[in-house]
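Bear in mind these aren't lab numbers, they're just calculated from the coordinates by the rules spelled out. Quick caveat, the model's predicted, so the values are computed rather than measured. FYI the Cβ positions are ideal-geometry reconstructions off the backbone, even for glycines, and counts take in every protein chain you see.
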C-alpha cells in the first residue's frame, strides 16, 4: 500500500489515509487501494468492524489538485479507459455501500470535497471537535461526487444539504453535529480510542452474519417506495436465519445465561436477501 495503511488488531481493522504531507489528498492510487482494502476485509472473518481515519493533522483535504487546471484532463482523451472516466470517489463509496462490516469514519481533522463525501457511506461519522468540513465542489467549478447527491439528503435535512453544496462553504464540527452529519464529537487525542470503543460496542455481542445482513437491509431499503419491500426482505432473512446455527446458538446462550459463540461465517454464510433466487412465501397486499 502506497497511499493508505491497513492494520487489523483485536477484530477491528484500521484503514488510514496515509499521505500526511499532502493532507491525505485523494489520488487514483488511494482509490484503488481503498477498494482493495474493503475487498480484503470482507473476506477476513476475524474482522468485525472497520475504522477509517487519516494520518497527521488532516483527515483528507479532497482531491489531489497538484496537476492544476488539468486535474481532469485525462477524461478528455478519446482512448481513455472507461474506468478512468468514472468518478473515483464514487467507486470507493459504492464499495463501502456493499461492505459486510460496519464502517466508522474517525474524522481527525479537515475533511473537504471527496474528503467528506467518501465518509457518507460509513455507518457512523465521529469527528474531532476542531474538524472543519466542506462540500466545496461548486467553488471549484465542478460538481458533487462520490454518490453524495444520493447520500447527503438522507443524512441531513434537504435545505441543509443544499446550503452546504450550493455555497461550498467550510463549516465547523459543531454545525455538522447539529445537522446530524456526524454522530459524536471528541477531542482529537481521544477520537480514535472512542471509535474503537464504538466498534466493540456494535459487534462484541452480535452475530457477525446478522450484523452484515442488517447493514445491507438498512442501507438498501433506505429509498424503498413501500414498506412491503422491507417486509419481503425481512421475511426472507427470518426464513433463512431463523433455522440456522447462529439462531440456535443465540437462543440457547440467552436461555443458559452465557456468552454466545456464533458459528456462522460472514465470508461463507451471508446470503443476498435481495436476490430473486431465494425462497420466499407468497404475499398479499
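Quick notes
- Angle in degrees between helix 28-42 and the longest Cα principal axis of the chain, rounded to the nearest 10: 10 degrees
- Compared with the direct C-alpha span, the chain from residue 167 to residue 274 gains 34.7 nm at full extension, assuming 0.36 nm per residue.
- Gained length - residue 86 relative to residue 65, 0.36 nm times residue gap less alpha-carbon distance: 5.8 nm
- This ranking places 243, 116, 133 by how few other beta-carbon atoms lie within 10 Å of each, fewest first, which gives 243, 133, 116.
- As a rough guide to protection, the peptides 192-205, 25-38 ranked by mean Cβ packing within 10 Å, highest first, stand as 25-38, 192-205.
- Residues of segment 167-195 with amide N under 11 Å of the 7 Å Cα→Cβ point at residue 138: 167-169
- One quarter of the surface of the convex hull around the alpha-carbon atoms of segment 206-285 equals 6.1 nm², the direction-averaged projected area.
- Counting only alpha carbon atoms, the long axis of helix 227-241 and the longest principal axis of the chain meet at about 60°.
- Residues 146, 206, arranged from fewest to most other Cβ atoms within 10 angstrom of their Cβ, appear as 206, 146.
- As a length-normalised measure over Cα pairs under 8 Å and 6 or more apart, the relative contact order of segment 115-164 settles at 41 percent.
- Summary value for segment 206-285: 40 percent relative contact order, contacts being C-alpha pairs under 8 angstrom separated by 6+ residues.
- Relative contact order, whole percent, for the chain stands at 16, derived from Cα pairs under 8 Å and 6 or more residues apart.
- The ranking of 112, 170, 7, 233 from fewest to most other beta carbons within 10 Å of each one's beta carbon is 7, 170, 233, 112.
- Per residue convex hull volume, Cα atoms of segment 4-203, in Å³: 112 Å³
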